[in-house]
1. If A:Ser42 passes every condition in (1) open to solvent by 40 Å² or more (accessible area, probe 1.4 Å); (2) at negative phi but one, which one does it miss?
2. Is one or more of the residues making up region B:42-60 open to solvent by 20 Å² or more (accessible area, probe 1.4 Å) and away from ligand 1 (no atom under 13 Å from the Cβ)?
3. Determine which single condition A:Val140 fails, assuming it passes every other condition in (1) more than 11 Å from chain B (Cβ to nearest Cβ); (2) in contact with a Phe, Trp or Tyr (Cβ under 6 Å, 6 or more places away or on another chain); (3) modelled with pLDDT of 95 or more.
4. Give me the pairs: first residue in region A:205-225 and more than 12 Å from every other protein chain (Cβ to nearest Cβ), second residue surrounded by 12 or more Cβ atoms within 10 Å (Cβ to Cβ) and hydroxyl-bearing (Ser, Thr, Tyr), beta-carbon distance under 6 Å, and six or more apart or on different chains, which are they?
5. Checking the structure you have, find out if any residue of region B:236-258 is hydroxyl-bearing (Ser, Thr, Tyr) and closer than 24 Å to B:Val95 by Cβ.
6. Among the candidates B:Thr255, B:Thr263, which residue alone is of a type in the set (Val, Ile, Thr) and either open to solvent by 10 Å² or more (accessible area, probe 1.4 Å) or more than 16 Å from ligand 1 (Cβ to nearest atom) (or both)?
7. Any residue that is open to solvent by 10 Å² or more (accessible area, probe 1.4 Å), more than 9 Å from chain B (Cβ to nearest Cβ) and without any contact (Cβ under 8 Å) to a residue 24 or more places away in the chain - is there at least one of those in region A:129-137?
8. For region B:199-225, which residues satisfy the criterion of being open to solvent by less than 20 Å² (accessible area, probe 1.4 Å) and within 16 Å of ligand 2 (Cβ to nearest atom)?
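The values are calculated or read from the model by the stated rules, or taken from the named source; none is laboratory data. Owing to the predicted nature of the structure, the values given are computational and were not obtained by experimental measurement. Cβ placement follows ideal geometry from the backbone for every residue including glycine, while neighbour counts extend to all protein chains displayed. The accessibility values were calculated without ligands, DNA or RNA, using every heavy atom of the protein model including side chains. Shrake-Rupley method; radii C 1.70, N 1.55, O 1.52, S 1.80 Å.
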Amino acid sequence: MFAQQFPIVFHSLNVGFVQTLKLFAVTLIGAIPLGLVIAFGSMSRFRPLSILTRTFVWIIRGTPLMLQLIIIYYGPGLMGNNWWGGGEVGRFLASAIAFIINYACYFSEIYRGGIQGVPIGQNEAGQVLGMTKGQIFFRVTLLQMIKRIVPPMSNEIITLVKDTSLARIISLQEVIWAGQSFLKGSQGISGIIWPLFFTGLYYLLFSGILTILLGGLEKRLNYFR
Amino acid sequence: MAILQVENLRKNFESLEVLKGISFSLEKGEALSIIGSSGSGKTTLLRCMNFLEMPSSGRIVVNTAAGEHVLYDDQNTKTLSESAIRKNRLHFGLVFQSFNLFPQYTALGNVTLAPRLQAKARPDYKERAAALSREIEERGMALLGQMGLADRAGYYPHQLSGGQQQRVAIARALALEPDILCFDEPTSALDPELTGEVLRVIRGLADKDTTMIIVTHEMTFAHDVSDQVIFMDGGNIVEQGPPAQVLENPREERTRQFLRGYTN
Ligand SMILES: Nc1ncnc2c1ncn2[C@@H]1O[C@H](COP(=O)(O)OP(=O)(O)OP(=O)(O)O)[C@@H](O)[C@H]1O
Ligand SMILES: [Mg+2]
């Protein structure tokens, strides 16, 4: 019985996990640069911009990602214009946008801490040595910021691995959705719960690999303080 | 002709006037010590000369073999552009109280970073890159040797003691061959047993006729090393002259009062 089910389940979970990985990757690709833009906005000396940005960050960080997913996916339809359509592509797009915005806000706070954590004396030492602003940023402060943000970013990135499962709420066919489908019935199999539990292994394996990679990066930056 | 002339330099932070018209001049090869109580404006004066702060008004003029350079003149807005400032500040070097070494570079890397970046801007950089790089490296090593740190060239700042870090910072400032080297309390952040090695290095520079301005609370050192001493109080120069006069026979009551805090 199990021997017959396993290949079917395994294949379905793999398909689901590819969707999970895609959401993970797209979120990082979008949120890492967008977070920087938001960080600069929240540090702007132009008060209206910094207040607006900080309010936005507060709203996004202060409400559940699940709620944001629901609003972004169902909101347009309720207003009489469902851009997302009914398919998987639309669900993925809506999920990606919600995740990118949400994670960009978290990243922006990490960046802000990293940027403001580099002592002003580093900048001044560069200035006194006749360096341009660009040289000071790229040769002096950037690496110190990266060193500061790598540990908190690692935490967020590991959290993101697991958060992708929230997209299940709008029926994105990620790995949890795939596991759950065998409970209700799919491909002639129904009423089994182990596929759902089995999805846990995917998360464990993937977050384990990331932990090792990010830990390695952190270690490589340990040559200075 | 004095190598440095500061004329009626003023600096305000909002409504707070921190420098109230500072004027002095410095001859080439002289060491000038600036003493004064906390908050009298010594750091602000050094920061204005290095353009970490923009003066509010006055003039700063440097005279070198290459001619007269007006570094700052409140009447001449050309001295206020970012690129002019970047060029002008190279007449000065600044050694900070807190060293401010770049942690991700070795001692040698700290010393050679700015010279390397300047070399890249040269028109002949492409043809001579390797030779220039070697020259910069050798000069950096020579400077570290002069600081007694030849064997520490490959160390990162966190692997060095405070005294060693400050000596690297001095080498870093010297690498750009400034006309005038400024020190802002170079030993204040150091454990007492480490001040000696840094003061010895500065003394060595004075013996070699390096033109220097030293803000310090080390009175004995100021007495031994400087050709001129300025006593500042409340944003003004109260008294200036040779150390034997200002430190031993001050004319002003305020100077005497200040020095009394150091004799016992
Ligand atoms: N960026 C700033 N904004 C506002 N006020 C400042 C600023 N920098 C310095 N001041 C003020 O200017 C005055 C002079 O400060 P400064 O640091 O030049 O004194 P100092 O003589 O170097 O003192 P110390 O011996 O403690 O180093 C102080 O009253 C200080 O509070
Ligand atoms: Mg000071």
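1. Condition not satisfied by A:Ser42: (1).
2. yes
3. Answer for A:Val140: the failing condition is (1).
4. Pairs that qualify, where the first residue is more than 12 Å from every other protein chain (Cβ to nearest Cβ) and the partner is surrounded by 12 or more Cβ atoms within 10 Å (Cβ to Cβ) and hydroxyl-bearing (Ser, Thr, Tyr), are A:Leu214/A:Ser154.
5. Taking every residue of region B:236-258 in turn, none turns out to be hydroxyl-bearing (Ser, Thr, Tyr) and closer than 24 Å to B:Val95 by Cβ.
6. Details: B:Thr255 fails: either open to solvent by 10 Å² or more (accessible area, probe 1.4 Å) or more than 16 Å from ligand 1 (Cβ to nearest atom) (or both).
Only one candidate qualifies: B:Thr263.
7. Within region A:129-137 (the criterion being open to solvent by 10 Å² or more (accessible area, probe 1.4 Å), more than 9 Å from chain B (Cβ to nearest Cβ) and without any contact (Cβ under 8 Å) to a residue 24 or more places away in the chain), the answer is yes, since at least one residue qualifies.
8. B:Ile213, B:Ile214, B:Val215, B:Thr216, B:Ala222
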